[in-house]
1. Need pairs with beta-carbon distance below 6 Å; first residue at pLDDT below 90 and within the range B:164-182, second among the basic types (Lys, Arg); sequence gap 6+ or separate chains.
2. Give the residues of the range B:234-244 that are more than 10 Å from residue B:102 (Cα to Cα) and within 10 Å of the chain's Cα centre (by Cα), sorted by residue number.
3. For residue A:84, state whether it is within 10 Å of chain B (Cβ to nearest Cβ) and either touching a residue at least 40 places away in the same chain (Cβ under 8 Å) or open to solvent by less than 70 Å² (accessible area, probe 1.4 Å) (or both).
4. Identify the single condition in (1) hydrophobic (A, V, I, L, M, F, W, C); (2) farther than 30 Å from residue B:246 by Cα; (3) within 14 Å of chain A (Cβ to nearest Cβ) that residue B:147 does not satisfy, given that it satisfies every other one.
5. Here's a check for you: in the range B:1-51, which residue that is closer than 30 Å to residue B:66 by Cβ and touching a Ser or Thr at 6+ places or on another chain (Cβ under 8 Å) is surrounded by the most Cβ atoms within 10 Å (Cβ to Cβ)?
6. Only one of B:93, B:101 is open to solvent by 40 Å² or more (accessible area, probe 1.4 Å) and at pLDDT 90 or above. Can you tell me which?
7. Name the one entry in B:161, B:119 that is touching a Ser or Thr at 6+ places or on another chain (Cβ under 7 Å) and either in a helix (DSSP H, G or I) or not basic (Lys, Arg) (or both).
8. Go through (1) β-branched (Val, Ile, Thr); (2) open to solvent by less than 30 Å² (accessible area, probe 1.4 Å); (3) under 13 Å from the mean Cα position of the chain (by Cα); (4) away from every other protein chain (no Cβ under 13 Å) one by one and return the number of the condition residue B:120 breaks.
Amino acid sequence: MKKPQQSTSNQDEGDALDALGDKIKAAQTAHSPDIEQERTGWAVGIRYASDFSAAVIVGGLIGFGFDKLVNTMPWGMLVGIIFGFMAGTRNIVRTAKEMSAETDPGQDLQEDETDIP
Amino acid sequence: MADPLDPIKQFEIHRMGSELKIGNFDVSFTNSAFMMVVAVALISAFMFFGTSKKALVPGRFQSIAEISYEFIADMIRSTAGKDGLKFFPFIFALFMFILFANMLGLIPFFFTTTSHIIVTFALAMMVMTTVLVVGFWKNRLKFLKLFWPSGVPVLLKVLLVTPLEIISFLSRPLSHSVRLWANMLAGHIMLKLFAGFAIMMFAGLAGAAKVGAIAPFAMTVILTPLEILVAFLQAYVFTILTCVYISDALHPGH
């Protein structure tokens, strides 16, 4: 300790620290930062948009690569984009689920994790 | 538009010092690299001075250092479980770097490294590489269960679910990087645009009409705290999604 407190004995100091610890715990639970509440609509929008568009782009690219390899020009890309759309929708549904789980405190994601070897 | 007021100009990369080349690659030191160095130096200084005293009752710096530690540790514990704490150094470094890069970018005349998609994409690829390596190393081929969910008919899985899961997985680094990049880019353009309007109106209008410049200036003032929030939020979102992905790697089949 940098600041010696001559007036308190070791015992008192421990008690004081415990009390301080309890106080800090109480204060922390009283107002933990509610980041989800402050989330801007802009950020949510970009999150959905990027989730969706990324899947479409990746699906299209996979299809395009397949086309390049097998020389079936438009078809692979078309199928890839359609699959990308589906995957994007799936991404959005997953994101929406995650977000509603975050804002709803009653639904903890995975607290009691059993170890998988 | 007058050149100094161009809202895109702030994202230009300049070379600092002499040109360096390795083979055909230009590896010169740029303003982007410079800001990364500044961010890393600031983080190191902050953590060094925050932890050097090790006082039982923390001072200001130590409090902030402890809060940032606990913030990330709690985040990892709640999203990736206890065994996710092994990745604390990586996730903490990611968070601090993105946070400092975003925040430094808000200072006028500073460059925002995270407003370039190649930077955020590199960060996202680091995350994805970690997820893949850890996933296969920890679970061997069981990691592929991520693409083979139980409770779905096999035909449906082969035709639909598995391709979708694979595309969805591969799209993660892209969406991960686009999210951060788009937020930082759009926010900075918007700020610069309104600030530029204020200057243009003040310089361009005559007499009493100059008062009109107050409107865009007020927007700039309003947007700045919003941008600070976004800068923090995007660092937070990036890290929490990293935690989620790492949780996938540690416990596939969820």
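The values are calculated or read from the model by the stated rules, or taken from the named source; none is laboratory data. Since the model is a prediction, treat every value here as computed from it, not as a measurement. Every residue, glycine among them, receives a Cβ derived from its backbone with ideal geometry; neighbour counts consider all protein chains shown. Ligands, DNA and RNA are stripped out before the accessible areas are found, and what is left, the full protein with its side chains, is counted by its heavy atoms. Shrake-Rupley method; radii C 1.70, N 1.55, O 1.52, S 1.80 Å.
1. Between residues of the range B:164-182 that are at pLDDT below 90 and residues that are among the basic types (Lys, Arg), the close pairs are B:164/A:90; B:168/A:90; B:179/A:47.
2. Selection gives B:236, B:237, B:238, B:239.
3. In short, yes.
4. (2)
5. B:39
6. Numbers: B:101 fails: open to solvent by 40 Å² or more (accessible area, probe 1.4 Å).
None of the others qualify; the one that does is B:93.
7. Going through B:161, B:119 in turn, just one is touching a Ser or Thr at 6+ places or on another chain (Cβ under 7 Å) and either in a helix (DSSP H, G or I) or not basic (Lys, Arg) (or both): B:119.
8. (4)
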